[in-house]
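Report on one structure; see the data block that follows.
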Amino acid sequence: MGAEGGLRERKKLQTRAALADAALRLALEKGPDHVTVEEIAEAADVSVRTFFNYFPHKEHAILGRNPEHLERALDRMRTAPAEESPLTTMWYVVRDVLHDLESDGELSRRGELIMSSPTLLYQLMMSSFDDERQLTAALTERMGEPAGSIRPALIVSATGAACRMAMELHKAAPDRPVLELVREGFQLLAQGIDSAFDQKGHS
């Protein structure tokens with residue numbers, strides 16, 4: 001039974017990857033606004049019904065949205081060592097996702113496509129906001145802070161902004177890897193970005 005379950009899970013992962021690959025390839029060839037769900041399903045050799053078992057719409061397929069990334073991120077937060085700082089935990093979460101995307105060899109092309117398409121950028125931001133809400137709740141619990149605390153919410157939001165900034169900068173400077181740009185953003189967050197900020201002068 002365990003072997004059968006493992007085989008089914010592998011087939012699901014393969015089908016999701018095939019749909020995401022087909023969606024990205026077609027979007028790059030034709031433009032994301034001119035690709036249909038039917039074309040993506042046909043290119044991946046599955047039915048339209050199967051497509052909707054994995055993605056709610058074509059934009060999520062083009063983005064390569066994988067719910068396992070969020071599940072692993074939430075698990076990483078729950079199991080993080082007690083001495084690990086919240087920002088460090090978020091770095092490991094983001095790094096692992098980027099490594100997964102880079103292993104597919106499509107991170108740069110997908111990022112460039114997203115940044116050139118208002119529709120894809122909007123969908124990325126909407127889905128990212130939902131992810132950030134769940135990550136914030138998990139980080140708030142891990143930090144032992146009450147619901148509605150600004151610190152965990154700010155940490156999650158700022159790291160999300162660092163990732164979006166990295167994709168935008170990579171478009172202008174493709175010789176710099178996205179992961180390198182994200183790492184630089186995290187380093188700036190850790191340093192405080194602007195240590196000369198005068199709180200009294202901005203009250």
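Using 7 Å Cα-to-Cβ label points, what is the A18/R133 separation (nm, one decimal)?
Here the modelled spin labels are 3.4 nm apart.
Exposed loop GluC sites (Glu not before Pro) only (DSSP loop, at most 16 other Cβ atoms within 10 Å): please give the longest stretch of the chain free of them, not including the sites.
85-203
Mind grabbing the accessible area of S149 for me, 1.4 Å probe, Å², rounded to tens?
Estimated to the nearest 10 Å², S149 gives 20 Å².
Quick one: net charge around A172, please, counting Lys, Arg +1 and Asp, Glu -1 for every other residue with C-beta under 15 Å from its C-beta.
-2
Short version: ³J(HN,Hα) in whole Hz for each residue of segment 177-183, in order, from phi by Karplus 6.51 cos²θ - 1.76 cosθ + 1.60 (θ = phi - 60°), x for Gly and Pro, what are they?
Calculated HN-Hα couplings, in order: x, 4, 4, 5, 5, 5, 4 Hz.
To the nearest 20 Debye, how big is the dipole of segment 17-114 about its Cα centre, given +1 on the beta carbon of each Lys and Arg and -1 on that of each Asp and Glu?
180 debye
Give me the percent of the accessible area of segment 58-166 that comes from carbon and sulfur atoms, probe 1.4 Å, all protein chains in place.
On segment 58-166, the fraction of accessible area on carbon and sulfur atoms equals 56 percent.
Calculate log10 I(q)/I(0) of segment 52-176 for q = 0.23 Å⁻¹, where I(q) comes from the Debye formula with a single equal point scatterer on each Cα and nothing for solvent.
The Cα Debye sum returns log10 ratios of -1.45.
Could you tell me how many cubic angstrom of Cα convex hull volume segment 142-203 has per residue?
126 Å³
Taking only pairs that are 8 or more places apart or on different chains, how many Lys pairs in the chain have Cα atoms under 22 angstrom apart?
Number of lysine pairs found: 4.
The values are calculated or read from the model by the stated rules, or taken from the named source; none is laboratory data. Since we're looking at a predicted model, the values are computed, not measured. For neighbour counting, all protein chains shown are included, and Cβ atoms are generated from backbone atoms with ideal geometry for every residue, glycine included. Just the protein is used for accessible areas: all its heavy atoms, side chains included, with ligands, DNA and RNA removed. Shrake-Rupley method; radii C 1.70, N 1.55, O 1.52, S 1.80 Å.
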